[in-house]
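Below: the structure, in structure tokens.
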Amino acid sequence: MFFDQDFEQLSTERPTGQQKDPEQVLHEVFGYETFRPLQGDIIREVVEGRDALVLMPTGGGKSLCYQVPALVRPGTAIVVSPLIALMQDQVAALRELGVRAAYLNSTMDFEQARATEYALTTGELDLLYCAPERLIQPRTIDLLHRVSISLFAIDEAHCVSQWGHDFRSDYLQLSMLAGQFPGIPRIALTATADERTRKEIAERLSLTGARHFVSGFDRPNIQYRISPKTNANKQLLSFINGEHEGDCGIVYCLSRNKVEATARMLADKGYNALPYHAGLSAEDRANHQERFLREDGIIIVATIAFGMGIDKPDVRFVAHLDLPKSLEAYYQETGRAGRDGKASTAWMVYGLQDVIKLRQMLEASQGTDHFKRIERQKLDAMLGLCEVTGCRRQVLLNYFGDQLEEPCGNCDTCQTPPETWDGTLAVQKALSCVYRTGQRFGVTYLIDVLRGSENERIIQSGHNQVSTYGIGTELSTNEWKSVFRQLVANGYLRADPEGYGALQLTEKCRPLLKGAESIQLRKDPVVKSESRGSKGRKPSGSEIRDQITDQAGWEALRACRKALAEQQGVPPYVIFHDATLFDMLERRPATLEELSEVNGVGAAKLEKYGEVFLETLASLN
Ligand code: ADP
Ligand code: ZN
């Protein structure tokens, strides 16, 4: 069985006496050439016995920051991790590397737990992953006092923050580790924390003396793209068809129904798409997540219930069919793409209805005024990103307190700068139409009035008599929609929280109505330009595939990996990442020694899989 922790298979020899150095461990065990920025500093800090607080974006390489010290320092490293599935995957991946790792959590029966505890007490473990609720039990603490511990790593440390969305009360008790195990270094890691939360983490975990390591938030390999929604399904299909055929990805929707419908739609078109939401049985959820992790090319269609702890490195795209509530959520969800550092796409379509829906949900929600004000600001920032005409990455990073000096060149607004137009007159017409019809109508109706439609409702209500009737024939219905969307997004109009999307004027629009202010609007791209991928611009997501000249060789290596993965009951990327296979294909190693030079091939994998891959490579010529 996959997660069976049979210790017999573990090699227990470990050079004692002289301490290994971190670079050597990186090279020999993990098969990597160099540390990423900050990793080296963090590792030195912990190896030398000091505490550290690490903030790194998803995919930044946090795990190595405690895994390497765990192999350098004597004793067992205790890793606190809130997610059982993640823990199991990490342990499986470490064992593939020949590292003596195990976990303790509630999925194990008594016998299994005892075997693990025994391995711990006899010094046979380099790392022990432990669920927080398990760790804080007096029994576990007693046990830990009897063994030699190299360090404590507290993963997903933002779970101590009560303001965050992942609060776990067990995490609060982890502060006792400071008093119980003085002198043993502790490293706390998180991907989501602003400065306030970082302080809170340090205080609550008694890490006030720890050095902070904050790595930049930029994820340069992710391309950000946001377009106005015209026909969401069609847009999604043309995006996947054009740029991510056969890739693995996540599609986020707001509601369960939409998740189901979208998954069905994709499946009908021949994609391997699976739904994931809180309404499915636990078994189905686990099964779909499992398949997403294990198989190639699965698209998971999900509500935000999906994602925390998804550690899959080769997710090539994250698509949003609905607008997230905040930039924090957007950043976290899109951050699940491209952990392996390869080109990936964060793609989203959004429209006026999304804006209205979110604004209404917010206003109708239970919560103090203070809470709503904060939520409103967050939504405004999200909308700001959607409507911006400059570089999206600059806006995004700026929000998280990072500066990007130059426009990134890898977002849609950088690559195809949106045109703007002077919308002052159109906006005056639109706002005045809202006013003249009594601030009681939604956008469809307002556009009908502006365009002079003769529909019955208008005639009956006498709105064919108002001064704004028929004054807007110069713009199409879609163009008017774009105007209204931007007005709502930018806070000139708000959707009545109780009134079915009726639009109302806000204070902000006074100067515009009086003609004291002019306004530039974004020109939405014409619908047919949606299939941009085919028109000259290089599709981003298939970087690796694009570079592969030897398709047959690539397929053969993947088949070899797949067979091994099935044999071992692990996901293919646990055997080797795509990047490693790619490097293999490029270098064509003929000997084990040459193979060991390939990026991502460490000693244990060389020994286990070296021959098989060499045979596969040899058969190619
Ligand atoms: P995080 O936990 O910060 O989201 P991970 O620790 O899962 O990120 O690392 C993301 C990916 O980057 C993993 O596939 C990991 O193997 C790889 N990685 C980390 N450090 C290095 C490095 N120094 N060289 C090459 N690959 C690395
Ligand atoms: Zn940009």
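Can you tell me what percent of all Cα-Cα pairs in the chain are more than 36 Å apart?
Every Cα pair in the chain considered, those over 36 Å come to 44 percent.
How many angstrom lie between the C-alpha centres of the stretch 553-608 and the stretch 165-229?
Using only Cα atoms, the two centres lie 33 Å from each other.
Taking all pairs of distinct Cα atoms, average 1/r, flip it, and tell me the Kirkwood hydrodynamic radius of the stretch 138-256 in Å to one decimal place.
Computed over Cα pairs of the stretch 138-256, the Kirkwood hydrodynamic radius comes out at 18.2 Å.
Considering the dipole of the chain built from charges on the beta carbon (Lys and Arg +1, Asp and Glu -1) around the Cα centre, which of THR580, ALA381, LEU55 is farthest to its positive end?
Looking along the dipole axis, the top candidate is ALA381.
Restricting attention to the alpha-carbon atoms of the stretch 408-477, what are Rg (one decimal) and Dmax (integer), both in Å?
Values for the stretch 408-477 (Cα only, Rg and Dmax): 16.0, 53 Å.
May I ask you to order 189-201, 574-586, 136-148 by the average number of other C-beta atoms within 10 Å around their residues, highest value first?
574-586, 189-201, 136-148
Counting DSSP beta bridges with both partners in the chain, what percentage is antiparallel, nearest 5? It would help to have the intermediate numbers written out before the result.
Details: 6 of 54 bridges.
Once the DSSP bridges in the chain are tallied, antiparallel ones form about 10 percent.
In debye, nearest 20, what is the charge dipole magnitude of the stretch 7-214 about its Cα centre with +1 on Lys and Arg Cβ and -1 on Asp and Glu Cβ, if you could check?
440
Rounded, prolate or oblate: which fits the stretch 85-156 when a ≥ b ≥ c are the square roots of the eigenvalues of the alpha-carbon gyration tensor, with rounded for a/c under 1.5 and prolate only if a/b beats b/c?
Rounded shape, in that the Cα axes give a/c under 1.5.
At 1.4 Å probe size, with the rest of the protein present, what percent of the exposed accessible area of the chain is carbon and sulfur atoms?
48
Considering the alpha-carbon set of the stretch 367-467 alone, what are its Rg and its Dmax in angstrom?
Spelled out, the Cα radius of gyration and Dmax of the stretch 367-467 are 19.6, 57 Å.
Which peptide among 113-121, 218-226 comes first, and what is the full order, when sorted by highest mean count of other Cβ atoms within 10 Å?
218-226, 113-121
In a solvent-free Debye calculation with one equal scatterer on each Cα, what is log10 I(q)/I(0) for the stretch 82-123 at q = 0.25, 0.33, 0.34 Å⁻¹, listed in the order of the q values?
Here the Debye-derived log intensity ratios amount to -0.94, -1.11, -1.11.
Out of the stretch 386-468, which GluC sites (Glu not before Pro) are coil in DSSP terms and have no more than 16 other C-beta atoms within 10 Å?
Sites meeting the loop and neighbour criteria: GLU405, GLU419, GLU454.
Using +1 at the Cβ of each Lys and Arg and -1 at the Cβ of each Asp and Glu in the chain, identify which of ALA85, SER281, LEU396 lies farthest towards the dipole's positive end.
LEU396
How far is the Cα center of the stretch 447-478 from the Cα center of the stretch 90-111, in Å?
Their Cα centres are 67 Å away from one another.
Could you pull out the pairs from LYS312/LYS562; LYS234/LYS562; LYS562/LYS608 whose alpha carbons sit more than 25 Å apart here? Can you show the working numbers first?
Details: LYS312/LYS562 16 Å; LYS234/LYS562 32 Å; LYS562/LYS608 15 Å.
Over 25 Å apart, Cα to Cα: LYS234/LYS562.
From the phi angles alone, apply the Karplus equation (6.51, -1.76, 1.60; θ = phi - 60°) to the stretch 456-466 and give each ³J(HN,Hα) in whole Hz, x where the residue is Gly or Pro.
4, 4, 5, 4, 4, 7, x, 6, 6, 9, 5
Taking the stretch 548-618 on its own, what percent of its Cα-Cα pair distances exceed 17 Å?
The answer is 32 percent, as a whole percent.
With charges only on Cβ, +1 for K and R and -1 for D and E, what is the dipole size of the chain about its Cα centre, in debye, rounded to 20?
That gives a dipole near 2240 debye.
Can you list, bin by bin at 5 Å, the percent of alpha carbon pairs in the stretch 420-522, starting at 0?
All Cα pairs considered, the percentages come to 2, 13, 27, 26, 20, 8, 3, 0.
Among rounded, prolate and oblate, which fits the stretch 222-415 when a ≥ b ≥ c are the square roots of the eigenvalues of its C-alpha gyration tensor, a/c under 1.5 means rounded, and a/b larger than b/c means prolate? Could you put the intermediate results ahead of the total?
Details: a/c = 1.62, a/b = 1.21, b/c = 1.34.
Oblate is the answer for the stretch 222-415, as a/c is 1.5 or above yet b/c matches or exceeds a/b.
Applying the Karplus parametrisation 6.51 cos²θ - 1.76 cosθ + 1.60 with θ = phi - 60° to the phi angles of the stretch 229-244, what ³J(HN,Hα) value in whole Hz is obtained for each residue in order, glycine and proline being reported as x?
Result, ordered by residue: 7, 10, 9, 4, 4, 5, 4, 4, 4, 5, 5, 5, 3, x, 10, 9 Hz.
At 222 nm, what value in deg cm²/dmol follows for the chain if DSSP H runs of at least 4 each add -39500 (n - 2.57) and the sum is divided by all its residues, to the nearest 500?
Values: 29 runs with 273 residues, N = 621.
Rounded to the nearest 500, it is -12500 deg cm²/dmol.
I'd like to check one number: the per residue accessible area of the chain, probe 1.4 Å, reported in Å² as a whole number.
With the other protein chains kept in place, the chain gives 44 Å² per residue.
Using amide H atoms built in the peptide plane, which far-off residues or other-chain residues are under 5 Å from SER150 H to H?
So SER150 has HN proximity to THR76, ALA77, ILE78.
Quick check: with the 1.4 Å probe, what order do THR389, THR444, THR616 take by accessible area, largest first?
THR444, THR389, THR616
The values are calculated or read from the model by the stated rules, or taken from the named source; none is laboratory data. Here the structure is a predicted model, which is why all the values come from computation and not from measurement. Please note: Cβ atoms are built from the backbone with ideal geometry, for glycine as well, and neighbour counts cover all protein chains shown. With ligands, DNA and RNA removed, areas are computed over all heavy atoms of the protein, side chains included. Shrake-Rupley method; radii C 1.70, N 1.55, O 1.52, S 1.80 Å.
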